[in-house]
1. Relative contact order for the chain using alpha-carbon pairs under 8 Å, separation at least 6, rounded to a whole percent?
2. I want to verify a result. In a Gaussian network model of the chain, Cα cutoff 10 Å, which of these has the top mean-square fluctuation: 67, 126, 81?
3. Anyone know which of 35, 73, 160 comes out most mobile in the 10 Å Cα GNM of the chain?
4. Taking only Cα atoms and a 10 Å spring cutoff, compute GNM fluctuations for the chain and point out the largest among 156, 72, 125.
5. Subtract the Cα-Cα distance of residue 153 and residue 49 from 0.36 nm times their separation in residues, and report this length gain in nm to one decimal.
6. Taking the chain as the reference, fit the longest principal axis to its C-alpha atoms, fit the long axis of helix 2-34 to the helix C-alpha atoms, and give the angle between the two in degrees, 0 to 90, nearest 10.
7. So what is the 222 nm mean residue ellipticity for the chain from helices alone, if each DSSP H run of at least 4 adds -39500 (n - 2.57) and you divide by all residues, rounding to the nearest 500 deg cm²/dmol?
8. Return the FRET efficiency for the residue pair residue 142, residue 4: r is the Cβ-Cβ distance, R0 is 45 Å, and the value is rounded to the nearest 0.05.
């Protein structure tokens, strides 16, 4: 009875992990297309418990191998574990290779790319590492970009230049008194 309950749950997990893996693969393809337009970029940060995720990927790889080769289970019964294996062993390391930072046409934050034209607001959070908070004009969604200290000055200068060139503008996002210089927002 327990075995019959676990099968559909693992299948649903497989669908979720497949979706997450596909999103990372799409981001990876977008990055390959955009990387020649990089201005100031750095590799993605390691997610919390990165080593545990990699170890889980290896363990899941062994489990899938044993189930397919020795237990001769059909692919449909190994789908959930297989998708989890792909996610932890391949997709998460791939996501770290996507260069975070500034490109000719936008900013690649920790959770995705935002074109300059879609930026409705920016703010710096000073802490251990400076963090740029970018607010999307379209979805009213904030995204974070942790900027390594060695790139902080270049990032501020680049944002200031993009605002001066009107690639980023904040009009329509508050009081517009025509006396405010948007470059000061950086």
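1. 20
2. Looking only at 67, 126, 81, the biggest GNM fluctuation is shown by 126.
3. 73
4. Of 156, 72, 125, the most mobile in the Gaussian network model is 72.
5. Computed gain between residue 153 and residue 49 is 34.5 nm.
6. So the inclination is approximately 40 degrees.
7. Taking each H run of at least 4 residues, the total per residue is -14500 deg cm²/dmol.
8. It comes out at approximately 0.55.
Values quoted throughout were computed directly from the atomic coordinates according to the rules given, and no laboratory measurement underlies them. Since this is a predicted model, take the numbers as computed values, not measurements. As a convention, Cβ positions derive from the backbone with ideal geometry for all residues, glycine included, and neighbour counts pool all protein chains shown.
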